[in-house]
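Student: Questions regarding the structure given below will be posed in turn.
The values are calculated or read from the model by the stated rules, or taken from the named source; none is laboratory data. The shown structure was predicted, so the numbers you read here are calculated from the model rather than taken from an experiment. Positions of Cβ are generated from backbone atoms using ideal geometry, with glycine treated the same way; all protein chains shown enter the neighbour counts.
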Amino acid sequence: MRLVGSLGGVALVTTLSACGGSEPTVPSASMNMGGRIAGGGMASGATSGGLGGGGMALGGGGSHAAGDGAGAGAGGADPDCIAPPSTLPCAPLGVMPVSLKATGLFPALPDWTQHAPGLQEYAPDPALWSDGMEKQRFLLLPKGTKIDTTNRKQWVFPEGTLFVKTFFDETGPQATLRPIETRLIRAAAGSAYEFFVYQWSQDSTDATLVVNDLNGDINANVSLMVSLEAVNGGTPFSHTLPSRNECGQCHEKNAVVAQTIIGFDELRLNTKLRVDAPRTQLREFADAGLFTQPPPADPATITDASNDGGRLLRIKRFVFGNCVSCHNGDSQFDLRPDVFVTHTVGKPTEAQSVMPPEGWLRVVPGDASKSVLYVQMQRTMLPPEVNGRRLRAMPPIGLNDVAAEQSALEDVREWITSLPGDRQ
Ligand code: HEC
Ligand code: HEC
């Protein structure tokens, strides 16, 4: 579904303080804007993420929740702290409670559209496709801290920084949004990071900690059925809440910027959170004092010089959002924008486990059906009868096989078809 609600009235950046602020909760900006929660180019229009119209109002009222006591809590050592002192906005390095409600991040639950005032909402662009699920993301910086942005390619997050990302299902003809899982990454002592997942109850009143980095059970995951009206007409399919081990497969060897946090950087924040926002998220956050350095006048961006109506640029952006967390020349071959074409067109695969059939390349100019990159992106594996084993669908995790991103696939197919066949 598309969230179409009243615009305006909601400050993107409410307060730098994680614990201060005069409001017990803040309605999330994405609940009040046109466009998908996930963002993904809603302002730049440059991604392949657009899924067409359709839409309904969520009743994006935007009024502040009265709170139910959780937000108005007991004081404690910090007189500014309006949440109970044990909650994350006040004690970001504290114990991760079993109940999401007890974290204090969404103090107005069951009203999940409200969040604690210290949370900064953002939307990376390009984003990760994830079967087209709606997502909503927040940053929580410990009070009085800043992100060290001295190294433009490797921001350093202070200890206690928390990233919060919620996935939604869209059920029924009204495509009603329902939170499914909330993933957390916390910067711990040293440069360690901790990973957590909360699974929401069916009635969306609270969520339970199911992946706890600190309990050592790294392969436990949970599968459940979701439905996404806008993506595949609402046919239910299985969605997996990743294990701790799987978090690491995408987050820990992320050599693009050599850091665990993937989606919060100069390039991905160089777009507006809402169409009507006056500034990019980069500038908003800089103005709110979140960074040690002012953002560069000319922030990092993905470019493409080909005269093809923006198709190759859209492809590079999709690949940046979905592939380069692994394919960055470290453990997997490099698919970053500047080398995307030279590393794919006419190039044989280097897959260690399985070799594709004779005549197949990463990209066979003029022939998408023999281009490994396209076939894998379709979420189909190379047929086993060819060589007895299979090349894996790409990306290998984080998706089901039902909801590939159709406009990105179409772009890739058209691009490959347009390449002159004698080019190899
Ligand atoms: C398939 C790869 C993949 C897996 C598996 C994965 N993530 Fe992520 N995650 C991403 C990407 C890419 C982003 C940034 C883009 C976005 O948010 O759309 C991201 C963003 C996040 C964020 C926001 C902060 C950031 O790094 O941008 C959190 C929090 C998060 N993931 C938590 C988790 C947790 C916890 C797990 C495991 C339970 C996990 N993720 C598993 C790819 C993955
Ligand atoms: C979670 C990490 C991860 C992500 C994300 C990912 N890949 Fe891969 N990719 C791999 C691994 C691991 C292999 C090697 C598979 C093997 O050897 O069987 C691979 C292999 C490949 C290959 C074949 C190997 C070669 O040398 O040509 C292609 C093509 C490919 N990936 C394209 C993509 C594309 C396109 C995306 C994004 C749509 C993507 N991958 C996303 C991990 C990833």
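Student: Just to be sure before I move on: is Lys135 within 12 Å of ligand 1 (Cβ to nearest atom) and surrounded by fewer than 19 Cβ atoms within 10 Å (Cβ to Cβ) in the structure I sent? Walk me through it before giving the result.
Tutor: Working: within 12 Å of ligand 1 (Cβ to nearest atom): yes; surrounded by fewer than 19 Cβ atoms within 10 Å (Cβ to Cβ): no.
So Lys135 fails the test.
Student: Quick one: Ser369 ticks every box in (1) away from ligand 1 (no atom under 16 Å from the Cβ); (2) in a loop (DSSP other than H, G, I, E, B) except a single one, so which number is it?
Tutor: So the condition that Ser369 fails would be (2).
Student: Taking strands (runs of 3 or more DSSP E) that fall entirely within the stretch 150-211, which contain at least 3 residues that are within 16 Å of ligand 2 (Cβ to nearest atom) and buried (at least 21 other Cβ atoms within 10 Å of the Cβ)?
Tutor: Details: elements: 162-171, 176-187, 193-200.
Because the criterion is at least 3 residues that are within 16 Å of ligand 2 (Cβ to nearest atom) and buried (at least 21 other Cβ atoms within 10 Å of the Cβ), no strands (runs of 3 or more DSSP E) in the stretch 150-211 meet it.
Student: Would you say Glu246 is within 9 Å of ligand 1 (Cβ to nearest atom) and in the same structural domain as Phe195 (by TED's automatic domain parsing)? Before you say what the answer is, go through the steps one by one.
Tutor: Values: within 9 Å of ligand 1 (Cβ to nearest atom): yes; in the same structural domain as Phe195 (by TED's automatic domain parsing): yes.
Considered against the rule, which asks whether it is within 9 Å of ligand 1 (Cβ to nearest atom) and in the same structural domain as Phe195 (by TED's automatic domain parsing), Glu246 comes out as yes.
Student: Output the residue which, of all residues in the stretch 315-338 that are crowded, with 19+ Cβ neighbours inside 10 Å, among the polar types (S, T, N, Q) and near ligand 2 (Cβ under 6 Å from one of its atoms), is nearest to Gln406 (Cα to Cα).
Tutor: Asn322
Student: Continuing with the same structure: Considering only the stretch 302-358, how many residues are farther than 20 Å from Leu382 by Cβ, within 16 Å of ligand 1 (Cβ to nearest atom) and outside any loop (DSSP other than H, G, I, E, B)? Even if it seems obvious, please write down each step before you answer.
Tutor: Step one: list which residues in the stretch 302-358 are farther than 20 Å from Leu382 by Cβ, which gives 302-318, 320-321, 324-325, 328-331, 334, 336-342.
If we keep only those that are within 16 Å of ligand 1 (Cβ to nearest atom) as well, we get 302, 316-318, 320-321, 324-325, 328, 330-331, 336-337.
If we keep only those that are outside any loop (DSSP other than H, G, I, E, B) as well, we get 316-318, 320-321.
Summing the residues that are farther than 20 Å from Leu382 by Cβ, within 16 Å of ligand 1 (Cβ to nearest atom) and outside any loop (DSSP other than H, G, I, E, B) in the stretch 302-358 gives 5.
Student: Restricted to the stretch 273-301, and to residues that are free of Cβ contacts under 8 Å to residues at least 60 places away in the same chain and more than 16 Å from Glu121 (Cα to Cα), which residue is surrounded by the most Cβ atoms within 10 Å (Cβ to Cβ)?
Tutor: Filtering first and then ranking leaves Pro299.
Student: Additional query: Please verify whether Asn270 is among the polar types (S, T, N, Q), surrounded by 18 or more Cβ atoms within 10 Å (Cβ to Cβ), in a loop (DSSP other than H, G, I, E, B) and more than 11 Å from ligand 1 (Cβ to nearest atom), treating the condition exactly as stated.
Tutor: On the way: among the polar types (S, T, N, Q): yes; surrounded by 18 or more Cβ atoms within 10 Å (Cβ to Cβ): yes; in a loop (DSSP other than H, G, I, E, B): yes; more than 11 Å from ligand 1 (Cβ to nearest atom): yes.
For Asn270, the condition - among the polar types (S, T, N, Q), surrounded by 18 or more Cβ atoms within 10 Å (Cβ to Cβ), in a loop (DSSP other than H, G, I, E, B) and more than 11 Å from ligand 1 (Cβ to nearest atom) - is met.
Student: Within the stretch 332-343, is there a residue that is assigned by TED's automatic domain parsing to the domain that holds Asp411, of a type outside the set (Gly, Ala, Ser) and touching a strand residue (DSSP E or B) at 6+ places or on another chain (Cβ under 9 Å)?
Tutor: Keep residues of the stretch 332-343 that are assigned by TED's automatic domain parsing to the domain that holds Asp411, which gives 332-343.
When the remaining residues are screened for being of a type outside the set (Gly, Ala, Ser), the result is 332-343.
So of that shortlist, the ones also touching a strand residue (DSSP E or B) at 6+ places or on another chain (Cβ under 9 Å) come out as 341.
So far as the stretch 332-343 goes, yes, one or more of its residues are assigned by TED's automatic domain parsing to the domain that holds Asp411, of a type outside the set (Gly, Ala, Ser) and touching a strand residue (DSSP E or B) at 6+ places or on another chain (Cβ under 9 Å).
Student: For the stretch 75-85, state whether one or more residues are touching a strand residue (DSSP E or B) at 6+ places or on another chain (Cβ under 7 Å) and either surrounded by fewer than 24 Cβ atoms within 10 Å (Cβ to Cβ) or over 29 Å from Asn245 (Cβ atoms) (or both).
Tutor: Let us first name the residues in the stretch 75-85 that are touching a strand residue (DSSP E or B) at 6+ places or on another chain (Cβ under 7 Å), namely none.
The answer is no; no qualifying residue exists.
Student: Which condition breaks for Pro356 when tested against (1) within 10 Å of ligand 2 (Cβ to nearest atom); (2) modelled with pLDDT of 95 or more; (3) over 27 Å from the mean Cα position of the chain (by Cα)?
Tutor: In the conditions (1) within 10 Å of ligand 2 (Cβ to nearest atom); (2) modelled with pLDDT of 95 or more; (3) over 27 Å from the mean Cα position of the chain (by Cα), Pro356 misses (2) alone.
Student: Another question, if that's okay. Given the condition closer than 25 Å to Ser227 by Cβ and away from ligand 1 (no atom under 12 Å from the Cβ), answer yes or no: does some residue in the stretch 153-167 qualify? Steps first, answer last, please.
Tutor: Initially, the stretch 153-167 is screened for residues closer than 25 Å to Ser227 by Cβ, giving 164-167.
Now drop any that are not away from ligand 1 (no atom under 12 Å from the Cβ), which leaves none.
No; the residues of the stretch 153-167 include none that is closer than 25 Å to Ser227 by Cβ and away from ligand 1 (no atom under 12 Å from the Cβ).
Student: Right, here's the next one. Which residues, taken from the stretch 147-201, are small (Gly, Ala, Ser), under 30 Å from Gln293 (Cβ atoms) and modelled with pLDDT under 90?
Tutor: So the first thing to find is which residues in the stretch 147-201 are small (Gly, Ala, Ser), and the list is 160, 172, 175, 187-192, 201.
Add one more test, that the residue is under 30 Å from Gln293 (Cβ atoms), and what stays is 160, 187-192.
Listed by number, the residues that qualify are Ala189, Gly190, Ser191, Ala192.
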